[in-house]
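Just below is one structure, and these are the notes that go with it.
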Amino acid sequence: MPKAKILLVEDDLNLSAVLCDYLDMLDYETTLSADGEDGLEKFREGDFDLCLLDVMLPKKDGYSLAGEIRQLNDQVPLVFLTARGLNEDRIAGFRAGCDDYITKPFSSEELALRIEAILKRCMQRTAYKTNNVISIGKYRFDASNLVLSYNGSEQGLTPKEAALLRLLCNYRNSLLPRETALKEIWGDSDYFIGRSMDVFIARLRKYLRHDPAVAIQNVHGSGFKLEIRE
């Protein structure tokens, strides 16, 4: 099996050297960049399975870099590595399109487990290429290829958006407990991650807004319900 390819954009030379050695030990193929502009150029030149991005970068900050990567590829997983751990920073990260947000300092084991979990979710879509198209009212959700279609137009989804929508579909017209969604998709259920999930729910509502028969309802204090009226 070929090595997963990771783009690491980090301007701290000591940390980046340690991370490259560690990722190499985990059998990942890592490409390093020290600023946002070079990181974007390397992304254009390469074919990456995951990007690890610092937020405070020279020339182009991590949020801007993530937004431009998302314009080029709306499926590659993005993970922020940052010392900025405020709730507002985490929300900004998820709004920029990231799939995970790891606050420095972090343990090497935590980083390894998060990368493994994200790559596993992404690789799963190649394991079920057939019978994986879901009807959501007038929408067609191709969970394998992370695409939501409506009336001839297509909306690409990030792996985490697709995973959350798939889980909502599994619970269609029934309550999806908030804690279940957090643990299955984010692997944790703390307050900050919960706020981040709300950002993803808002995105999915926007994508599904064209069909009045489809709605994601908040069930106060409990979770969410994907309502599909026949």
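A short reminder: the numbers here are calculations on the coordinates, not readings from a lab. This is a predicted model, so every value here is computed, not measured. Here the Cβ is made from the backbone with ideal geometry for all residues, glycine too, and neighbour counts use every protein chain on show.
Observations on the structure shown:
- Rg(Cα) / (2.2 N^0.38 Å) computed for the range 5-124, rounded to two decimals: 0.95
- In summary, no helical segment of the chain meets the span-like criteria, namely a full DSSP H run, a Cα extent along the axis of 30 angstrom or more and a mean Kyte-Doolittle hydropathy of at least -1.0.
- Based on C-alpha pairs under 8 angstrom that are at least 6 apart in sequence, the chain has a relative contact order of 14 percent.
- Members of K160/K183; K3/K59; K5/K120; K3/K183; K104/K206; K5/K206 lying beyond 21 Å, as alpha-carbon distances in this model show: K3/K59; K3/K183; K104/K206; K5/K206
- Residues of the range 156-175 with amide N under 16 Å of the 7 Å Cα→Cβ point at H210: 156-157
- Length added when fully stretched, N14-Q217, from 0.36 nm per residue minus Cα-Cα: 68.4 nm
- Calculated P(r) of the range 133-228 - Cα pairs past 15 Å, %: 57
- Within the chain, DSSP assigns beta bridges of which about 55% are antiparallel (rounded to the nearest 5).
- Relative counts (whole %) of C-alpha pair distances in the chain, using bins that are 10 Å wide: 7, 32, 35, 19, 6, 0
- Projected area averaged over orientations for the range 1-56, convex hull of C-alpha atoms, nm²: 3.7
- Extension gain from D38 to L167, taking 0.36 nm per residue of separation minus the Cα-Cα distance: 42.8 nm
- Full extension of the segment from M25 to N73, taken as 0.36 nm per residue of separation minus the current Cα-Cα distance, would add 14.5 nm.
- Applying both filters, DSSP loop and at most 14 other Cβ atoms within 10 Å, to the trypsin sites (Lys or Arg not before Pro) of the range 145-222 gives R172, R209.
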